[in-house]
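Below is one structure; the comments refer to it alone.
The values are calculated or read from the model by the stated rules, or taken from the named source; none is laboratory data. Everything quoted here is computed from the prediction, not taken from an experiment. Here the Cβ is made from the backbone with ideal geometry for all residues, glycine too, and neighbour counts use every protein chain on show.
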Amino acid sequence: MLTYNRKVNIMRVIKLRAWLNTEKRMISSKAVKHLLFACIEEDNRLEFMLYSGFKDIKGIECYDGDIIESNNIKYKIEFLEGCFYATNNKQRLPLSNFKGIFKVIGNMYEGIS
């Protein structure tokens, strides 16, 4: 799916991935597309995570719930009030402030790799 932002004339791909609670594993963006059509009612077996539109220094896509590291400081990515933020117990910074200078090191479900 594509979205269109009239203010800045940008189109971006909307991607989701999901954590499968019952099997304790991550489901890829492609597999989520098929599941979305199958999941008509709310289902607590899946936790959906929205793609931020940002990639880390290695080109890894960054999603809501990911854990990133920048300048030896770890942050959790959260989608709050319509914006992606990097948060920890001391700070809440817009993810756009990092300008891709971060590394995805894990996520809130699978931990840090």
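I'm trying to understand the selection: among the residues of the range 64-83, which are of a type outside the set (Asp, Glu) and either modelled with pLDDT of 95 or more or not in a strand (DSSP E or B) (or both)? First the steps, then the outcome.
Taking the range 64-83 as the starting set, the residues that turn out to be of a type outside the set (Asp, Glu) are 65, 67-68, 70-77, 79-80, 82-83.
Correct list: Gly65, Ile67, Ile68, Ser70, Asn71, Asn72, Ile73, Lys74, Tyr75, Lys76, Ile77, Gly82.
Surrounded by 11 or more Cβ atoms within 10 Å (Cβ to Cβ) and more than 20 Å from Asn21 (Cβ to Cβ), is that true of Ile77? Break it down into steps so the answer makes sense when it comes.
Values: surrounded by 11 or more Cβ atoms within 10 Å (Cβ to Cβ): yes; more than 20 Å from Asn21 (Cβ to Cβ): no.
So Ile77 does not fit the description; no.
Modelled with pLDDT of 85 or more, on the phi < 0 side of the Ramachandran plot and surrounded by 13 or more Cβ atoms within 10 Å (Cβ to Cβ): does that describe Leu35?
On the way: modelled with pLDDT of 85 or more: no; on the phi < 0 side of the Ramachandran plot: yes; surrounded by 13 or more Cβ atoms within 10 Å (Cβ to Cβ): yes.
No; evaluated as a whole, the condition is false for this residue.
May I ask you to list the residues in the range 72-113 that are in contact with an Asp or Glu (Cβ under 6 Å, 6 or more places away or on another chain), of a type outside the set (A, V, I, L, M, F, W, C) and farther than 22 Å from Phe48 by Cβ? Before you say what the answer is, go through the steps one by one.
From the range 72-113, those in contact with an Asp or Glu (Cβ under 6 Å, 6 or more places away or on another chain) are 77, 79, 85, 87, 102-105, 107; that's our starting set.
Within this subset, residues satisfying the condition of being of a type outside the set (A, V, I, L, M, F, W, C) are 85, 87, 103, 107.
Answer for the range 72-113, where residues must be in contact with an Asp or Glu (Cβ under 6 Å, 6 or more places away or on another chain), of a type outside the set (A, V, I, L, M, F, W, C) and farther than 22 Å from Phe48 by Cβ: just Lys103.
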